[in-house]
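K.L.:
Handing you a structure now.
The values are calculated or read from the model by the stated rules, or taken from the named source; none is laboratory data. In this text, all values refer to a predicted model and were calculated from it rather than measured experimentally. Don't worry about glycine lacking a Cβ; one is built from the backbone with ideal geometry, like all the others, and counts go over all protein chains shown.
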Amino acid sequence: MNETASDVGAHPAVLGFTIFNELDSSESSYPFDNTTQDFKPSSNATDYFASQTIQLANLVKSAAPDKLVGWAIRDIPGWPSFAFNHTPHNANASGLNATESYFEQIAAAFDFFGVNSYQSSSLATVLGHHVDVRWRAREWSRDEEPAKNGFAYGASQLAPYIKPVILTEFGFATSGNPSTYVSKWCAGHVGAHGQCELGPSAGPTPLNASDLYSSEETLKNAIKAMETILQEAFGMPPVGYASLCLGVFYFEFADEWWALGQPHEHDPDDGKIDRVRCWHEGKADELCCPCGCNATFGDIATFDFPNRCADQESYGLFSRARAGGRSNSSNNFPHNGPQLPVDALTPKSDLVGKLRGLYTAAPGRRLGLPPVTARSRPAEAWYR
């Protein structure tokens, strides 16, 4: 990490560094007891998570003092709440300050908080005030009293320590699943409390390539959800979060080929899909009925995914196809290097155009956000 930061830390195209991506397991970063529906006490594991985060951030700052430093954490309502309400378990052993919360100490080492978020109806659970951190009841409100000490990054309690938030991942699948398949699979799998009862090892009858599709409608659905969220991210309070949100990285540049089925095949085109991966229990890599069946675990229905499923291979701004007459089932890496010619990329023009327009219209510095090198400014100046 030190070598990388030293090597590219002076390059004008480098904005900054994320010291990790989604290395935020529950036990080490936000230990939660599903029985009591509340946080566990701080521990050696949470001390280690915080101390290593701070050490790595300081290491990168020393190697690249003019660049931003933060992390890319998952969209977890629990982390800010746990970190704000807990101090170190064993400060002497961890090298942390015994009297300051985890949140205060990590915020002091960071220039931004990065959040990988795929919310599609509102960013209030991320950038708003209060959020219910209970696993089975992720309800939110901007102004009501918090439930279970739930704070989003915009909570007034965090304002003295907060740093700008960057959505380090954000985007939507532009493909869909046929309604006939969805209805068939959903039937009989909804529990008494509305949740999907299918476990990670369950799975529907294998889909053929033709069962997943992209259309003008699925593309429009993704564009509409993207526009809703980015207008909120870049908008002025009280309906927007431009005073807190520093920017958004769209995920992702091009469609992927390896998320499902054969690792070198673009599954929606090639007919070897053996499972459907949908948003379930806050994860995109567990099986779920692709129906949005009022699940209480925060799956599709809760997140209102624009096309009801998060097909991992269709998030790109560009679609992908084999070039030069190569078969879609041909391996891109058959030997010790890439197979030529490389894949042809085609822009999803409406999606790219809308994203470009939203980025161009974003207020940015006109809202008074400080320059990226203004690390010496008080934390509350970032928030205002």
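K.L.:
Restricted to region 40-51, and to residues that are hydrophobic (A, V, I, L, M, F, W, C) and crowded, with 19+ Cβ neighbours inside 10 Å, which residue is nearest to Ala83 (Cα to Cα)? Working first, answer last.
P.N.:
Going through region 40-51, the residues hydrophobic (A, V, I, L, M, F, W, C) turn out to be 45, 49-50.
Of the ones still in play, those that are also crowded, with 19+ Cβ neighbours inside 10 Å are 49-50.
Working: Phe49: 11, Ala50: 9 Å.
Result: Ala50.
K.L.:
Check Thr46, Thr53, Thr36, Thr4 and return the single one that is of a type outside the set (Gly, Ala, Ser), farther than 17 Å from Ser94 by Cβ and not in a loop (DSSP other than H, G, I, E, B). Can you show your working first?
P.N.:
Working: Thr46 fails: farther than 17 Å from Ser94 by Cβ; Thr53 fails: farther than 17 Å from Ser94 by Cβ; Thr36 fails: not in a loop (DSSP other than H, G, I, E, B).
Being of a type outside the set (Gly, Ala, Ser), farther than 17 Å from Ser94 by Cβ and not in a loop (DSSP other than H, G, I, E, B) holds for just one of Thr46, Thr53, Thr36, Thr4, which is Thr4.
K.L.:
Give the residue that is surrounded by the most Cβ atoms within 10 Å (Cβ to Cβ), with candidates limited to residues of region 302-361 that are touching a Phe, Trp or Tyr at 6+ places or on another chain (Cβ under 8 Å) and of a type in the set (Ser, Thr, Tyr).
P.N.:
Tyr315
K.L.:
Which members of region 79-115 meet the condition of being touching a Lys or Arg at 6+ places or on another chain (Cβ under 8 Å) and at pLDDT below 95?
P.N.:
Hit for region 79-115 is Ser81, nothing else.
K.L.:
Please specify each residue of region 1-34 satisfying the condition of being hydrophobic (A, V, I, L, M, F, W, C) and within 16 Å of the chain's Cα centre (by Cα).
P.N.:
Hits for region 1-34 are Ile19, Phe20, Leu23.
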